[in-house]
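Below: one structure, written as structure tokens.
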Amino acid sequence: MKRHSFLQLTAAMLTGFMVWGCGDRLNVDPVQSVDEAKALQTSSDVIGAVVGCYDGYGSTEFGSGAVQYIADLLADDGDVRFAGTFATHQQFWRKTMIATNSQISLTWRNGYSTINRTNNVLENLGKLDTDAQRAAAEGEVLFIRGLSYFNLVRLFAKAWGDGDNTVNPGVPLVLTATKAPITEANSVPRNSVSAVYTQIIADLTKAEADLKNGPVTANGANAAAAAAILSRVYLMQGNYAAARDAANRVIASGLYSLEADYSKVFNDYKNRRGVPSSESIFSTLITIQDGTNSLLTYYGSSANGGRNDVRIQAKLLNEYAAYGDKVRGNFFIQDGIGRIFTAKYQDQYANVTQVRLAEMYLTRAEANFMLNTQVGATPLEDINRIRSRAGLAALTSITRSDILKERKLELIFEGEYLHDLRRTRRNISSSILYNDARLVLPIPQREIDTNTLLVQNPGY
């Protein structure tokens, strides 16, 4: 499902201004800020604010790239070379982050700005016209808030199970709208990893229930999207039964299907003139007028509008070598001077996929395997479904290592590999263990200086 373009909200606002009486043209209030009492007065205002939540989440510094490429670069051990000039991004790739890294600060700020937008909507649900509208709007913003907190806690805190979840600092839980600058009087401490996960699950569970009849905004997140993210959360916790069941709900909904042609999973604007991939469960919207796909910016070649920054190395190519040229052709693209890039990001107007159906099959396969169950299908059937679409021969038996390998090769460069390594206790390299402090982002120094109750992560 897709989020609204911010232009749609702008257009609605402009329409309202045009209806405004012509005789008052010179009696204009200042537009640099909007008084709180005037900001969300009507049902339309609140629905417009829901659109704004999607726009906030889809920032290039958050959901439309940063949360994905930061995790990917941290997880790298020679699969790619980061050849870009941005020192901030070099720090991710080299695992040498500092607390003043400006990209880290932007990701934190955009995450909490989005969360604040959702809190504003939640506090004004009563202004919507019907119970159905209220439930749908609540579901959409709880989905965005839960997903935002999940992104933040996975990047800025120890992984679930790495020590005591009830003691390890997570991120601050801010569940009411912030209406004033942070001071010593209203500073908020970091909640525990356990508390943050509890809130994420509560938000997404309520979102799934609220959205059973669909969203209040056209193209907003639906119940299946909430279940898909819940499957990720439960898998991160090692709660295989809940992860399996959530993934199975998405698959059984019948709303999505695997693309027969792998090349059409991504770059949907180019291949389908803006029609989303049939397996996209939730993505952020990129159009000519609004939004930037920053995964293309860093992963794409200059011929496709990218910066040539993330270049595929032989180590990764060799993992696909046994699969043949057809598979490698689906996954990689080479430029005129022999540099190799991922083929997933070739179109600057393609939507940024947040979660897709292939992941649900992989999650269900792993969870069923770990529990020795066959909910929905056997693990072998689910893995062969993914392999078949990629043009690979069917396996006759599988191990967990086989499942995890398929998960890496299918989902690589989508921001999940680091989190898979950490949850399965697999090391990045012989010198960087899965629980290395260098794999956890520092709390931005700007936030530490502003909020006296924040504690810094080890090593910074």
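Bear in mind these aren't lab numbers, they're just calculated from the coordinates by the rules spelled out. Model, not experiment: these values are computed from the prediction. In this analysis, Cβ positions are derived from the backbone assuming ideal geometry, glycine residues included, and neighbour counts consider all displayed protein chains.
Observations, loosely collected:
- Distant-in-sequence amide H partners of residue 281 (H built 1.01 Å from N, under 5 Å): 355, 356, 357
- Residue (of 363, 337, 442) at the positive-pole extreme of the chain, dipole from beta-carbon charges: 337
- Hydrodynamic radius (Kirkwood) for segment 210-364, which is based on Cα pairs only, to one decimal in Å: 17.0 Å
- Relative to the longest principal axis of the Cα atoms of the chain, helix 43-57 runs at roughly 40 degrees.
- Close amide H contacts of residue 80 (hydrogens built in the peptide plane, cut-off under 5 Å, sequence separation of 5 or more or a different chain): 313.
- With kT/(6 pi eta Rh) evaluated at 10 °C and eta = 1.306 mPa s, and Rh the Kirkwood radius from Cα pairs, segment 35-135 diffuses with a coefficient of 101 µm²/s according to Stokes-Einstein.
- 222 nm mean residue ellipticity, helices alone, for the chain (DSSP H n ≥ 4; -39,500 (n - 2.57); rounded to 500): -15000 deg cm²/dmol
- Projected area averaged over orientations for segment 51-192, convex hull of C-alpha atoms, nm²: 10.8 nm²
- Cα centroid separation, segment 56-120 to segment 418-440 (Å): 18 Å
- Converting phi to 3J(HN,Hα) with the Karplus coefficients 6.51, -1.76 and 1.60 and the offset θ = phi - 60°, segment 362-376 yields 5, 5, 4, 5, 5, 5, 4, 4, 5, 9, 6, 10, 9, 5, x Hz in sequence order, with x at every glycine or proline.
- C-alpha long axis of helix 6-19 to longest principal axis of the chain, angle in °: 20 degrees
- Taking 13 Å as the straight-line reach from the Cα of residue 315, the aspartates and glutamates in range (excluding those fewer than 8 positions away in the same chain) are 76, 77, 79.
- Computed from point charges on the beta carbon alone (+1 for Lys and Arg, -1 for Asp and Glu), the dipole magnitude for the chain about its Cα centre is near 960 Debye.
- Every pair of different Cα atoms in segment 291-392 enters the Kirkwood calculation, which places the hydrodynamic radius at 15.5 Å.
- The HN-Hα couplings worked out from phi for segment 324-336 by the Karplus form 6.51 cos²θ - 1.76 cosθ + 1.60 (θ = phi - 60°) are x, 5, 4, 5, 4, x, 6, 9, 9, 9, 10, 8, x Hz, whole numbers, x standing for Gly and Pro.
- For segment 138-236, diffusion coefficient by Stokes-Einstein and Kirkwood Rh (Cα), 25 °C, 0.890 mPa s, µm²/s: 172 µm²/s
- Its Kirkwood hydrodynamic radius, worked out from the mean inverse distance over all distinct Cα pairs, puts the chain at 22.9 Å.
- Based on alpha-carbon atoms, the Kirkwood radius and the radius of gyration of segment 339-447 give Rg/Rh equal to 1.03.
- Legend: calculated FRET efficiency, residue 381 to residue 325, from the Cβ-Cβ distance at R0 = 30 Å, rounded to 0.05, equals 0.65.
- Charge sum, other residues only, whose C-beta stays under 11 Å from residue 75's C-beta, Lys/Arg counted +1 and Asp/Glu -1: -2
- Only aspartates and glutamates eight or more places from residue 179 in sequence, or on another chain, were considered; those with a Cα closer than 16 Å are 35, 36, 123.
- Sparse packing (at most 14 other Cβ atoms within 10 Å of the Cβ) combined with a DSSP loop state is found for the following chymotrypsin sites (Phe, Trp or Tyr not before Pro) in segment 51-130: 86.
- Once each of the GluC sites (Glu not before Pro) sitting in a DSSP loop with at most 15 other beta-carbon atoms within 10 Å is removed, the chain keeps 185-460 as its longest stretch.
- For the chain, with +1 on Lys and Arg beta carbons and -1 on Asp and Glu, the positive-most of 43, 431, 152 along the dipole: 431
- Between segment 271-314 and segment 193-258, the alpha-carbon centres lie 25 Å apart.
- Taking a Cβ cut-off of under 11 Å around residue 298, the surrounding Lys, Arg, Asp and Glu residues balance to a net charge of 0, with basic ones at +1 and acidic ones at -1.
- Test item: Cα-centred dipole of segment 75-139, Lys/Arg +1 and Asp/Glu -1 on Cβ, debye: 300 debye
- ³J(HN,Hα) computed for each position of segment 239-249 - Karplus, 6.51 cos²θ - 1.76 cosθ + 1.60, integer Hz, glycine/proline x: 8, 5, 4, 5, 5, 4, 5, 5, 4, 5, 4
- Charge tally in the Cβ shell below 12 Å around residue 416, where Lys, Arg are +1 and Asp, Glu are -1, residue 416 excluded: +2
- Convex hull volume per residue for segment 165-286, taking Cα atoms only, in Å³: 162 Å³
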